[in-house]
Every structure is written in structure tokens, then in C-alpha cells.
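Taking it in order: structure first as C-alpha cells, then the write-up.
The values are calculated or read from the model by the stated rules, or taken from the named source; none is laboratory data. Since this is a predicted model, take the numbers as computed values, not measurements. A quick note on method: Cβ atoms are made from the backbone with ideal geometry, for glycine too, and the neighbour counts reach across all protein chains shown. Note: accessible area is taken over every heavy atom of the protein model, side chains too, but ligands, DNA and RNA are not part of it. Shrake-Rupley method; radii C 1.70, N 1.55, O 1.52, S 1.80 Å.
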Amino acid sequence: MITFAPLLVFLVIGFFAWLLFMLAVFALPIFAGVTVGLWAFHTGAGALGGIAVALVAGAVTFSIGQLALALVTWTWLRLFGHHLLRRTGDRRRLQR
């Protein structure tokens, strides 16, 4: 049992790191979109205006994140970005 404990610790840390990075890729744009959409709704944009602003804010946040990963010059960070892009299914960017 004691021989499996270090392996289990590494697996759990790896799982939580994976979960954190997936949340950073997908949940951050959704959170930004919902927050900006609610702000727009409460300032008088209406329901359709709030939804439109939320969609634009979420798309811009996601695009900025993808652009930041594409333009990075450090090798270790580029490898990290390729890992994230491979996980999100963007195979075209990996072929370059």
C-alpha cells in the first residue's frame, strides 16, 4: 500500500493540473461573457443586448487566449500551449 501512495499523489496532482488548465481554457471565457452580459443587462441594454454583449465578450476572451498561446516565443511555454491546443481539438495549428 505504501508503494502506491507516491504514484497516487502524482496522479492526483496531474489530474488537478489538467482540470485547472481546462478550466482556464473554457471556463474563463464563459465567466467573462456572463459577467459582462449581466453588467450590460443591468445598465439598460435589455435581454437581447446583454446576450449579444456576452457572446462578444466571451469570443474576444477566448480569441485573446488562443492568440497569446500562438504568439508565445518561449519554448517551454510553446510546448505547454501545444499541449492545451491538442487537448481542445485544434489540430490545424499543430500542423504548422
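Miscellaneous remarks
- Compactness of the range 10-72 as Cα Rg over 2.2 N^0.38 Å, two decimals: 1.41
- Accessible area per residue in Å² at 1.4 Å probe, computed on the range 1-61: 75 Å²
- Rough spin-label spacing in nm, given labels placed 7 Å along Cα→Cβ, for Leu11 and Ala52: 5.1 nm
- Each label was represented as a point 7 Å from its Cα along the Cα-to-Cβ direction; for Leu23 and Ile64 these points are 2.0 nm apart.
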